[in-house]
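I have placed the structure first, in the form of structure tokens, so that the comments after it can refer back to it.
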Ligand code: E4P
């Protein structure tokens, strides 16, 4: 199972990378805006900085919503760095663009996926990754994990190679449930990734070990 961090914050990316468990990065226009990255050239420069920090796939999302626009933008993004994965929304023009990039051997991440039908279409078009947004489904009282299970079942039934990239992961339980249901990748914030290492009994146990050591060695 791969761990991607879902942010455009360089400090968080560095911190997750230093942990030694990071396999890639996902970004989106909202995450870029949150970091104050605006203007076409600044955005491209920021993607380059991310690629230089991390050894793995870096999803960069297109802004265009028409086929020609997505192709032009996606080709520019893909030419920027070999680690770039072109992130394309699950809309009609997006499916055509995914197919186009798939034929050219350019990696894609089909984003904003909320149903199993959308995931099936993304796989048929040859997407490298499909991004079901589990947290946003949970937000509207729909179990996001059921979507992951259904996609896993269908992809396995037909041997689709598209990787399930569970997105909109918000917490530790999301990551664990994604692991149980066979997601290929999760993408989440640093807090969710670091949350995996925390347990109060670990802290209490370590404090006791260190205190006992001090007693015997002081
Ligand atoms: C995925 O690629 C998206 O960038 C992201 O996971 C969305 O997460 P959010 O629902 O927490 O904004």
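Between residue 75 and residue 42, what length in nm is gained on full extension when 0.36 nm per residue of separation is reduced by their alpha carbon distance?
10.1 nm
Compute the Cα gyration tensor for the range 101-164, then decide on rounded, prolate or oblate, letting a ≥ b ≥ c be the square roots of its eigenvalues: rounded whenever a/c is under 1.5, prolate when a/b is larger than b/c in the other cases, and oblate in all that remain.
Here the range 101-164 falls in the oblate category.
Using the per-residue mean of other Cβ atoms lying within 10 Å as a proxy for protection, in what order, highest first, do the peptides 22-29, 198-205, 62-69, 178-185 fall?
22-29, 178-185, 62-69, 198-205
For a quick check: sort 13, 106 by the number of other beta carbons within 10 angstrom, fewest at the front.
106, 13
Hey, fewest Cβ within 10 Å first, where do 113, 54 land in order?
Ordered by Cβ neighbours within 10 Å, fewest first: 54, 113.
Treating the angle as unsigned and between 0 and 90°, give the value, to the nearest 10°, between the Cα long axis of helix 67-80 and the longest Cα principal axis of the chain.
So the helix axis and the longest Cα principal axis differ by about 50 degrees.
Counting only C-alpha contacts under 8 Å and six or more residues apart, can you give the relative contact order of the chain as a whole percent?
In percent, rounded to a whole number, it is 17.
Counting other C-beta atoms within 10 Å, which of 102, 131, 191 has the fewest, and how do the rest follow?
191, 102, 131
For helix 200-217, report the angle its Cα long axis makes with the longest principal axis of the Cα atoms of the chain; keep it between 0 and 90° and round to the nearest 10°.
Compared with the principal axis, the helix lies near 40 degrees.
Each value in this text was obtained by applying a stated rule to the coordinates, not by laboratory testing. Since this is a predicted model, take the numbers as computed values, not measurements. Quick reminder, even Gly has a Cβ in these numbers, built from the backbone with ideal geometry, and neighbours come from all protein chains shown.
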